[in-house]
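Enquirer: I'd like to ask some things about the structure below.
The values are calculated or read from the model by the stated rules, or taken from the named source; none is laboratory data. This structure is a prediction, so every number in the text was calculated from the model and none was measured. Cβ: placed from backbone, ideal geometry, glycine included. Neighbour counts: every protein chain shown. The protein model used for the area step is the full one, side chains on, heavy atoms only, and it has no ligands, DNA or RNA in it. Shrake-Rupley method; radii C 1.70, N 1.55, O 1.52, S 1.80 Å.
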Amino acid sequence: AALANVPVTLTVSGANTFTSTKTIAALAAGATAAVAFDAYPTTLAEGTNQLTVSLPADGDNTNNVLLYTQQVSSTGLAYVDDKQAFNATGIGIGAADGMLAVRYTVSQVSYLNEVKATFAASADNTNGFQILIYDAAGANGTPGNLLFTSALRNRTAAAGTVTVPLPGVPVSGSFYLAIREATGNVALAYQIENPLRAGTFFFRAPGGAWTALNAST
């Protein structure tokens, strides 16, 4: 049946504590709602947070709570879930100058010293790639001005992580890390996220515009 005024609560415990409750005004049977909780404090203690998102009891009490672990670090940024495996096959555009990009946000001026790109196993695949850094000044907050381009690197056919050193590139606010294919599909490793978070992961076909992955098929 349709529901009205459904409270949804985010509770953070561990190295940091935080609570935010939002109300879904109306939810039809079988419908989905996206809930945006209040933003975290800008200053956090380093360590591990346990995130709990909960809804009140209903006809199925087995799916009313979802747990998630978050690592707060002053030295690294990532969306990778250490408790989840990578997909067996990787993702890519499959054409020279095709690009995948991810958006990050920092609360103060920071300096990028390296990027770790993880690739899925891909037989006979040694395609070249470059790491690019953009600000978020593009249309609707998409990648805008190019801040840095790395030298050309090659992936290996075996699965693994390639560390690309950077010269302490300064960034502030929101910025993008992108991987550009030099020849063909680099089969970047990925994890399943459902629903895919909005405004975070983007792709660009050669000569095309940046497109959000969550708005794509």
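Enquirer: Are there strands (runs of 3 or more DSSP E) fully within the range 1-116 with at least 1 residues that are among the small types (Gly, Ala, Ser)? List them.
Expert: Because the criterion is at least 1 residues that are among the small types (Gly, Ala, Ser), the strands (runs of 3 or more DSSP E) in the range 1-116 that meet it are 3-14, 18-27, 47-54.
Enquirer: Among the residues of the range 20-57, write down those that are under 23 Å from Leu77 (Cα atoms) and either surrounded by 15 or more Cβ atoms within 10 Å (Cβ to Cβ) or touching a Leu at 6+ places or on another chain (Cβ under 9 Å) (or both).
Expert: Residues satisfying the conditions are Phe37, Asp38, Tyr40, Leu44, Asn49, Gln50, Leu51, Thr52, Val53.
Enquirer: Another question, if that's okay. Could you list all residues from the range 202-217 that are under 25 Å from Ala157 (Cβ atoms) and surrounded by 14 or more Cβ atoms within 10 Å (Cβ to Cβ)?
Expert: Within the range 202-217, Phe203, Ala205 qualify.
Enquirer: Among the residues that make up the range 116-125, is at least one of them within 19 Å of Val102 (Cα to Cα), crowded, with 16+ Cβ neighbours inside 10 Å and out of contact with any strand residue (DSSP E or B) (no Cβ under 7 Å at 6 or more places or on another chain)?
Expert: Yes, some residue in the range 116-125 is within 19 Å of Val102 (Cα to Cα), crowded, with 16+ Cβ neighbours inside 10 Å and out of contact with any strand residue (DSSP E or B) (no Cβ under 7 Å at 6 or more places or on another chain).
Enquirer: Here's something else I'd like to know. What are the pairs, 6+ residues apart or on separate chains, where a residue within the range 38-64 that is on the phi > 0 side of the Ramachandran plot has its Cβ under 8 Å from a residue that is in a loop (DSSP other than H, G, I, E, B) and surrounded by 14 or more Cβ atoms within 10 Å (Cβ to Cβ)?
Expert: Between residues of the range 38-64 that are on the phi > 0 side of the Ramachandran plot and residues that are in a loop (DSSP other than H, G, I, E, B) and surrounded by 14 or more Cβ atoms within 10 Å (Cβ to Cβ), the close pairs are Gly47/Ala15; Gly47/Asn16.
Enquirer: Related question: Can you name the residue in the range 149-182 that is assigned to a loop (DSSP other than H, G, I, E, B) and under 16 Å from Ile91 (Cβ atoms) and is also least open to solvent (accessible area, probe 1.4 Å) among such residues?
Expert: Result: Arg155.
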